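> Here's a structure for you.
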Amino acid sequence: MSEPVRLVSYIRSAWLPALCIGLVAFFGWHAVAGDTGILALGGYKAEEVRLAKEAAVVAKRKADLERKVALLSPSKVDPDLADELVRENLGLVREDEFVIRLDK
């Protein structure tokens, strides 16, 4: 056999294993260093902790709002809460009170 024929024969017999090795290397690289790989796991753990803290803050805020809603039920309105909401949201005061405004 001449040299070019041997080279073509070698390439024909080696392209499939070379392709398989390339695919294994490609997927192996992404499994380790890709966006969702092993090296990104630490970032996901930190994000999980941050989101858990944020969820706790949101749950506390939700509980506070649910408590206020329960106090404002149509059958029984808490007078202190109603007074606080009127003063805060509408800026109203009683006739016997003095208002001192502080600039922020």
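The numbers here are math on the coordinates, done by the rules we state, and not lab data. Quick caveat, the model's predicted, so the values are computed rather than measured. Here Cβ is always computed from backbone atoms with ideal geometry, including for glycine, and neighbour counts include all displayed protein chains.
> Calculate one ³J(HN,Hα) per residue across segment 22-28 by plugging θ = phi - 60° into the Karplus curve 6.51 cos²θ - 1.76 cosθ + 1.60, and present them in order as whole Hz with x for glycine and proline.
Coupling constants for segment 22-28: x, 5, 4, 5, 4, 5, x Hz.
> Suppose each label sits 7 Å from its Cα in the direction of the beta carbon; what would the Val5-Leu65 distance come out to in nanometres?
Placing both labels 7 Å along Cα→Cβ, they lie 8.2 nm apart.
> Now for a separate question. Going by the alpha-carbon gyration tensor, a ≥ b ≥ c the square roots of its eigenvalues, is segment 60-104 rounded (a/c under 1.5) or, if a/c is not under 1.5, prolate (a/b greater than b/c) versus oblate? If you can, show how the numbers build up before the last one.
Numbers: a/c = 4.02, a/b = 1.64, b/c = 2.45.
Taking the square roots of the gyration eigenvalues as a ≥ b ≥ c, segment 60-104 is oblate.
> Per DSSP H run of at least 4 residues, take -39500 (n - 2.57); add these up for the chain, divide by its residues and hand me the 222 nm value, nearest 500 deg cm²/dmol. Don't skip to the answer; put the middle values down first.
Details: 3 runs with 74 residues, N = 104.
After summing the helix terms and dividing by the residues of the chain, the value is -25000 deg cm²/dmol.
> Any chance you could get the radius of gyration and Dmax over the Cα atoms of the chain, in Å?
Using the Cα atoms of the chain, the pair Rg, Dmax is 35.0, 114 Å.
> Determine which lysines satisfy two conditions relative to Lys76: a Cα distance under 22 Å, and not lying fewer than 8 residues away in the same chain.
Partners within reach: Lys62, Lys68.
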